[in-house]
1. Which ³J(HN,Hα) values, rounded to whole Hz and listed in residue order, are derived for the stretch A:13-30 from phi using the Karplus coefficients 6.51, -1.76 and 1.60 in 6.51 cos²θ - 1.76 cosθ + 1.60 with θ = phi - 60°, glycine and proline given as x?
2. If you count the DSSP beta bridges with both ends in chain A, what percent of them are antiparallel, to the nearest 5?
3. Counting pairs of alpha carbon atoms under 8 Å apart in space and at least six apart in sequence, what relative contact order in percent does chain A give?
4. Can you list the residues, at least 5 places off or on another chain, whose amide H is less than 5 Å from the amide H of B:Lys13, using H built in the peptide plane?
5. Tell me, what ³J(HN,Hα) does each residue in the stretch B:55-61 have, in order and in whole Hz, if you take phi through Karplus 6.51 cos²θ - 1.76 cosθ + 1.60 with θ = phi - 60° and put x for Gly and Pro?
6. Principal axes first, then extents: for the Cα atoms of the stretch A:142-202, list largest minus smallest coordinate on each axis, whole Å, largest first.
7. With no solvent and one point on each alpha carbon, what is the Debye value of log10 I(q)/I(0) for the protein assembly as shown at q = 0.08, 0.11 Å⁻¹?
8. Please figure out what share of the DSSP beta bridges in the protein assembly as shown is antiparallel and state it in percent, rounded to the nearest 5.
Amino acid sequence: MSVAIIDYGSGNLHSAAKAFERAARGMENPEKIVVTRDPDIVFRADRVVLPGVGAFADCRKGLDSLDGMVQAMTEAVRDKARPFFGICVGMQLMATRGKEYVTTPGLDWISGDVEKIAPRDENLKIPHMGWNTLEPLREHPVLERLPLGDKGRHAYFVHSYHLNATNDADVIARADYGGPVTAIVAKDTAIGTQFHPEKSQRFGLALISNFLKWKP
Amino acid sequence: MFKVRVIPCLDVKDGRVVKGVNFVDLRDAGDPVEAAIAYDAAGADELTFLDITATHENRGTILDVVRRTAEACFMPVTVGGGVRTVDDIRTLLRAGADKVSINSAAVSRREFVKEAAEKFGDQCIVVAIDAKRVTRAGGSDRWEIFTHGGRNSTGIDAVEFAQEVVSLGAGEILLTSMDRDGTRQGFDIELTRRIADSVPVPVIASGGVGNLDHLVAGVRDGHASAVLAASIFHFGEFSIQQAKEHMVRAGLPMRLDL
């Protein structure tokens, strides 16, 4: 079993890889974590992870610069139904379009646009940077046994844009930051978090380990 | 609910914690990674390393610290000190830093903030501002930017500078009062509020924390989004959890997860 973490020049790769390695170590049959730029490895992987920090257009450009990568990801996830985890901009790339600085096409796995967050309270700062609780909207195996809600655990966010999904059914958790902010999207075998599980201490590692156990 | 952050700061020189950290039983009180692991376990919301290594040759030691920290701690880490080029930022981020803080390079060349933000995104570019109150004869007080640990005056107005670097792409301001740093008299609240109220990005208050009420004041009166402190945590005077519980009692929203 292998988990392919896609290396497309995004900054936080090392942290993401280490967090997945740590979560995998706690499992009965630890999956092998591979950081790769090779579409063939992604195509053959049992799970695919797309991390990401930075601007939407820049990340899309990085992904496109790896010849055949988008196709390999799409075939692995959409045709072969392999579990997929998008983190932060990796999650935003699942949308139809990004609207950060310029309009850029996303993978269009989740219908919707990535738009600037607009907290109603003008005292709230942008970026939404720090720890927030999650309001669960739908059940999902990756959220199993995680204490959510206002009294639950916190996730670490750092972003100014979020995925405004067309279909409510695709949003499984949100955070409140002067209005709703999309925190987790999921559809078929793909899941994406706006927050950084690899930076969310114990809660983040528990969520990653749920993902590694997930058999959709 | 969104929470206020408590950030311990470790001064690192040549890969070692300056003055050590003694709040738990560490095998090596001077190892920044051991200190980072202890703060991670203690529920710190973020961690900041400030590299005060003087020589260029020893700069690599901070990269090793960041790399080893990222292997053991799954929390946000900011690294500052000696960040001057896009390459410096790239190597720090690739080693596992989440944010980098730019100090004197932003003063000497504003465009650097823009280049950095465009390359890596606003969210990972922190501008560290060291400000000192200047009293003018016949006029009102203002705060000016100082460099080289508060020794060199630049004559630049701190509020204007903060607004400028934010417009260039800084995603956060780490604000240190040079008047209060090391005094244990509390943050310069007026300075903190001036800056926090004049920029749309989060401001981290720093410099002068001597007790837990100071942390409360930084947020409640100074309007900071986060508070940074060093010595009150490093020597076991207060734990991160005690600080947060105190802030909760004062009515501030804090994360108490461990």
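1. Values per residue, Gly and Pro as x: 4, 4, 4, 4, 4, 5, 5, 5, 4, 5, 5, 5, 4, x, 9, 5, 10, x Hz.
2. Details: 24 of 42 bridges.
Among the beta bridges of chain A, antiparallel pairing accounts for roughly 55 percent.
3. 21
4. B:Val18, B:Ile52
5. Each residue's phi maps through the Karplus curve to give 9, 4, 4, 8, 4, x, 5 Hz.
6. 30, 28, 21
7. Taking Cα atoms of the protein assembly as shown as identical point scatterers yields -0.44, -0.85.
8. On the way: 33 of 82 bridges.
Percentage antiparallel, nearest 5: 40.
Quick note: the coordinates plus some simple rules give every number you see, no bench work behind them. Fair warning: this is a prediction, and the values are worked out from it, not measured in the lab.
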